[in-house]
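Student: Here it is: the structure, laid out below.
The values are calculated or read from the model by the stated rules, or taken from the named source; none is laboratory data. The model shown is predicted, which means the values in this text are computed figures rather than measured ones. Neighbour counts are summed over all protein chains in view; Cβ atoms, including those assigned to glycine, are modelled from backbone coordinates with ideal geometry.
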């Protein structure tokens, strides 16, 4: 006769009572023979292939954190006979993806040990472009996708991902027939068709900007050629571009502070704020007060975040102080509201090359500040918190990790050294540790994933002898752990790429060491990397034009 779930629970309660009455000494009353002393059975099983920290397994609200290299797990809470269970992966391990088999059922008369968790590492795939250096751009026909199209070897482009999952790239620095050049071409890549489309801009290397009328989209409007710009995508799918170093309306070369948007639906650029000339100075206004007259001065290598309200936040960069008498690493924090079209100077000094104020690690304070810096990298995590890592300051190259609460404007120094020139500390591949950290570096590639993890790839940093070199190491920081993990790539600099077969994921594949690579996170959470300055298959450096994907196939 089948026993109902309520009756099973009543039997379990009676066993608990008997166990307590006997002082927990009678094996029969206390659930011997594979059950717990209270007549309850544990839930667990085997784990295969787990090489990294960070895995969290759950049955409802009952959770177990599992360390690297574990081969089995048991959840903390045992269940009465007849109770239903459904085990899932709440948080994936660092750099791996795990699946559950036989994860649901009802508890029987013995512990559940049949659940199987299988894990495999996320891997690199070479998916396009050449394996050499300094490859030329192949434009094809404007607005026509073609398998032969390629943006060519370049570094320091600005990138976006649109609502459809297409990947966009603008400008950068590349090799042209007359030497290094700075184009203003706009490209779109479709992961679905694996084809590039030249969408807008010129095919030359030194194209001036055509500004048109402020706030009015026009077919003729286009930013000038440039690199080291900042970019973001808004909630309406528009692609935004700020500053950098490049060509103004007159074709003069220098630092820029113009703000543009591109609407993929209309195929048109709009100039919104900033000067049509180089080296424009900041107009701060009052701290915390927006105004149409306010504007950040010309700068390159700023960091940008988009907040939950659609406002853009801009930090630092390399530029001038308000009188134009000094130039260097900036620590200004600005916010731009697309709704009002106004900039607000939120915090930071009007003078360049300020020192960081670290305070106490992991403690927020209104007195803390990362100080003046440029060429670092930035993320926004799943909670809307802003993060910043490394870059150049007047005092050296840094590896500090900071967190900014945009609601309170308070900074927290989270990880890394408070001194310049810190060395890499790799630890064990895939294992998070308090002592792990990427070394001081600039121009790495960064993205955040659906777990809220912060990823960092490559860049320009110090080797063991304090010589600046290029890297292809891949790191991840999980805020809930507060620790870095080295996931892939070489612990030595200047490594060449291992391409394997195009389109095929393999354990040994890896992009070569590089800085200034273009990157995207697609709608499936995978990382895409294009180009940069560094190494292809050999030991010769140049502009790279290879396209890589990291994640599940």
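Student: Residues that are under 29 Å from residue 404 (Cα atoms), touching a residue at least 40 places away in the same chain (Cβ under 8 Å) and crowded, with 24+ Cβ neighbours inside 10 Å: does segment 486-505 have at least one?
Tutor: Yes: one or more hits.
Student: Can you find even one residue in segment 140-153 that is assigned to a strand (DSSP E or B), more than 31 Å from the chain's Cα centre (by Cα), surrounded by 20 or more Cβ atoms within 10 Å (Cβ to Cβ) and modelled with pLDDT of 95 or more?
Tutor: no
Student: Is it the case that some residue within segment 517-530 is in contact (Cβ under 8 Å) with a residue 40 or more places away in the chain, under 22 Å from the mean Cα position of the chain (by Cα), under 26 Å from residue 434 (Cβ atoms) and surrounded by fewer than 23 Cβ atoms within 10 Å (Cβ to Cβ)?
Tutor: yes
Student: Moving on to the next point. In segment 251-282, what residues are crowded, with 21+ Cβ neighbours inside 10 Å, over 20 Å from residue 169 (Cα atoms) and free of Cβ contacts under 8 Å to residues at least 60 places away in the same chain?
Tutor: The answer is 274, 280.
Student: Suppose we keep only residues that are modelled with pLDDT of 95 or more and within 17 Å of residue 125 (Cα to Cα) within segment 536-549. Which one would you say is surrounded by the most Cβ atoms within 10 Å (Cβ to Cβ)?
Tutor: 544
Student: Within segment 223-233, identify whether any single residue is part of a loop (DSSP other than H, G, I, E, B), surrounded by fewer than 24 Cβ atoms within 10 Å (Cβ to Cβ), touching a strand residue (DSSP E or B) at 6+ places or on another chain (Cβ under 8 Å) and in contact (Cβ under 8 Å) with a residue 12 or more places away in the chain, and answer yes or no.
Tutor: No: segment 223-233 contains no residue that is part of a loop (DSSP other than H, G, I, E, B), surrounded by fewer than 24 Cβ atoms within 10 Å (Cβ to Cβ), touching a strand residue (DSSP E or B) at 6+ places or on another chain (Cβ under 8 Å) and in contact (Cβ under 8 Å) with a residue 12 or more places away in the chain.
Student: Kindly establish whether residue 244 is over 24 Å from the mean Cα position of the chain (by Cα), assigned to a strand (DSSP E or B) and closer than 18 Å to residue 183 by Cα.
Tutor: No: the conditions fail for residue 244.
Student: Identify, by number, the condition in (1) surrounded by 16 or more Cβ atoms within 10 Å (Cβ to Cβ); (2) touching a strand residue (DSSP E or B) at 6+ places or on another chain (Cβ under 7 Å); (3) more than 30 Å from residue 552 (Cα to Cα) that residue 199 doesn't meet.
Tutor: (3) is the only condition that residue 199 fails.
Student: I would also like to ask the following. Residue 288 - would you say it is surrounded by fewer than 17 Cβ atoms within 10 Å (Cβ to Cβ) and either farther than 22 Å from residue 370 by Cα or over 22 Å from the mean Cα position of the chain (by Cα) (or both)?
Tutor: When the stated conditions are applied, residue 288 passes them.
Student: Quick check on my filter: what residues within segment 336-362 are under 25 Å from the mean Cα position of the chain (by Cα) and in contact (Cβ under 8 Å) with a residue 40 or more places away in the chain?
Tutor: Result: 336, 337, 338, 346, 347, 356, 358, 361, 362.
Student: Tell me, yes or no, whether segment 371-381 has at least one residue that is surrounded by fewer than 21 Cβ atoms within 10 Å (Cβ to Cβ) and over 20 Å from residue 442 (Cα atoms).
Tutor: The answer is yes; a qualifying residue exists.
Student: Something else: Residues 183, 136, 208: which one is in a loop (DSSP other than H, G, I, E, B) and more than 29 Å from the chain's Cα centre (by Cα)?
Tutor: 208
Student: Take residue 65 and tell me if it is touching a strand residue (DSSP E or B) at 6+ places or on another chain (Cβ under 8 Å), exposed (fewer than 14 other Cβ atoms within 10 Å of the Cβ) and outside any loop (DSSP other than H, G, I, E, B).
Tutor: Criteria not met by residue 65.
Student: Would you check which residues across segment 386-416 are touching a strand residue (DSSP E or B) at 6+ places or on another chain (Cβ under 6 Å), assigned to a loop (DSSP other than H, G, I, E, B) and either free of Cβ contacts under 8 Å to residues at least 60 places away in the same chain or over 22 Å from residue 334 (Cα atoms) (or both) and list them?
Tutor: 416
Student: When you scan segment 394-404, how many residues do you find that are at pLDDT 95 or above and more than 19 Å from residue 434 (Cα to Cα)?
Tutor: 3
Student: Another question about this same structure. Of all residues in segment 317-343, which are part of a strand (DSSP E or B) and over 18 Å from residue 258 (Cβ atoms)?
Tutor: Passing the criteria: 327, 328, 329, 331, 333.
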